[in-house]
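The values are calculated or read from the model by the stated rules, or taken from the named source; none is laboratory data. Bear in mind the structure is a predicted one, so any value in this text is a computation, not a measurement. Cβ placement follows ideal geometry from the backbone for every residue including glycine, while neighbour counts extend to all protein chains displayed.
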Amino acid sequence: MTRVKLLTAACAALVMAGLVQAHPSQSAGAPQEKPQALLDPNVATEKELASVPHVTPAIAKAIVAKRPYATVVDLDALLKQNKLTAEQLADVHGKLFVRLNLNSATDDEILAIPGIGKRMLHEFKEYRPYKSMEQFRKEIGKYIDRDKREQELARLERYVVIK
């Protein structure tokens, strides 16, 4: 047996015995990908903006011209003027977003996060004021399926800041 095979077998035995944990990339189930960073409409270039689904070069130019955007609701007003539907806005928000302050965000701002409904809106607001991102992860993590918790918390963190 080669050294590599011997080491691989020994590591597998330690993992199976519970003496060490497998590297996350080797764990069972689907690989955990880190969510892609969101573009900030206040600093993204026209070219970057035009790469977002449903954002045409003309819309990208309008986004740049109307800067700055204090909230995602302000950005959405421009996008709605350009006839984007609610479904299209959700697609845009998956790539482009004005991050919201967890401690002062309005209902409309929180509901703009893709996948957030009335129940999670309530939970986001219930734990105010947030003092740290760790507190956010702990409190909101209670309401997310254990199997999807880390990935979903990482996704949600892309949309929020604590000020």
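Annotations
- Counted residues, the range 124-145 - those being touching a Lys or Arg at 6+ places or on another chain (Cβ under 8 Å) and in a helix (DSSP H, G or I): 1
- Residue in the range 118-130 that is in contact with a Ser or Thr (Cβ under 8 Å, 6 or more places away or on another chain) and of a type outside the set (S, T, N, Q) present: no
- Checked across the range 106-114, the condition of being in contact (Cβ under 8 Å) with a residue 40 or more places away in the chain, assigned by TED's automatic domain parsing to the domain that holds V161 and within 14 Å of Y159 (Cα to Cα) holds for at least one residue.
- When A12 is tested against (1) on the phi > 0 side of the Ramachandran plot; (2) surrounded by 12 or more Cβ atoms within 10 Å (Cβ to Cβ); (3) at pLDDT below 95, just one condition goes unmet, and that condition is (1).
The rows are residues; the columns are (1) assigned by TED's automatic domain parsing to the domain that holds R158; (2) modelled with pLDDT of 95 or more; (3) under 22 Å from Q135 (Cα atoms).
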site	(1), (2), (3)
H23	no, no, no
V43	no, yes, no
R67	no, yes, no
T71	no, yes, no
G94	no, yes, no
F124	yes, yes, yes
